[in-house]
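The values are calculated or read from the model by the stated rules, or taken from the named source; none is laboratory data. Keep in mind the model is a prediction, meaning the values are calculated, not measured. Positions of Cβ are generated from backbone atoms using ideal geometry, with glycine treated the same way; all protein chains shown enter the neighbour counts.
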Amino acid sequence: MKVVYTDEALRDLDGILAHIAEHYPGVRTGFESRLHSIVRRIGEWPRSAAVVEERPGVRVVPLAPYPYKLFYRVAPDAVQILYLHHAARQKEWERKGGG
């Protein structure tokens, strides 16, 4: 299945890559490799990740060993990557009461 990034996910990814480049430049290649591996996996097996209880239809994949999580949903025509966040970061939808 085709995998697409939302604009928010692309902004998140840009921020993550900028942070890694500034603080941990030796990690970038490994991070990108892990991200590509996860994207391939969810493209092949879109329902393989855990469902986010607070957000029906949204799934989450940790990018271990990196401290980030990738959130996505399965649409009829594609897997949509919604956002990427640091694992310790409180999600915007949590701050808004899960809505």
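Within the range 6-37, work out how many residues are assigned to a helix (DSSP H, G or I), of a type outside the set (A, V, I, L, M) and in contact (Cβ under 8 Å) with a residue 60 or more places away in the chain. It would help to see each step written out before you state the result.
The first filter runs over the range 6-37 and keeps only residues assigned to a helix (DSSP H, G or I), leaving 7-23, 25-37.
Retained after the next criterion (residues that are of a type outside the set (A, V, I, L, M)): 7-8, 11-12, 14-15, 19, 22-23, 25-26, 28-34, 36-37.
With the extra rule that they be in contact (Cβ under 8 Å) with a residue 60 or more places away in the chain, the set shrinks to 8, 12.
Adding up the residues that qualify gives 2.
Here's the yes/no breakdown for (1) surrounded by fewer than 17 Cβ atoms within 10 Å (Cβ to Cβ); (2) more than 22 Å from ARG11 (Cβ to Cβ):
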residue	(1), (2)
GLY43	yes, no
PRO46	no, yes
ALA49	no, no
VAL52	no, no
ARG55	no, no
LEU63	no, no
PRO67	yes, no
TYR72	no, no
ALA78	yes, no
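Just the residues that are in contact with a Lys or Arg (Cβ under 8 Å, 6 or more places away or on another chain) and within 16 Å of PHE31 (Cβ to Cβ), please, taken from the range 66-82.
If we filter the range 66-82 for residues that are in contact with a Lys or Arg (Cβ under 8 Å, 6 or more places away or on another chain), which is where we start, we get 66, 71-74, 77-80, 82.
TYR66 - this is the single residue of the range 66-82 that is in contact with a Lys or Arg (Cβ under 8 Å, 6 or more places away or on another chain) and within 16 Å of PHE31 (Cβ to Cβ).
Would you please name the residue that is farthest from VAL39 (Cα to Cα), looking only at residues in the range 53-75 that are out of contact with any helix residue (DSSP H, G or I) (no Cβ under 7 Å at 6 or more places or on another chain) and not in a loop (DSSP other than H, G, I, E, B)?
VAL58
Using beta carbons and a limit of 6 Å, which pairs, at least six apart or on different chains, have the first residue in the range 74-86 and within 14 Å of VAL58 (Cα to Cα) and small (Gly, Ala, Ser) and the second one at pLDDT 95 or above and part of a strand (DSSP E or B)?
Within 6 Å, the pairs are ALA78/VAL4.
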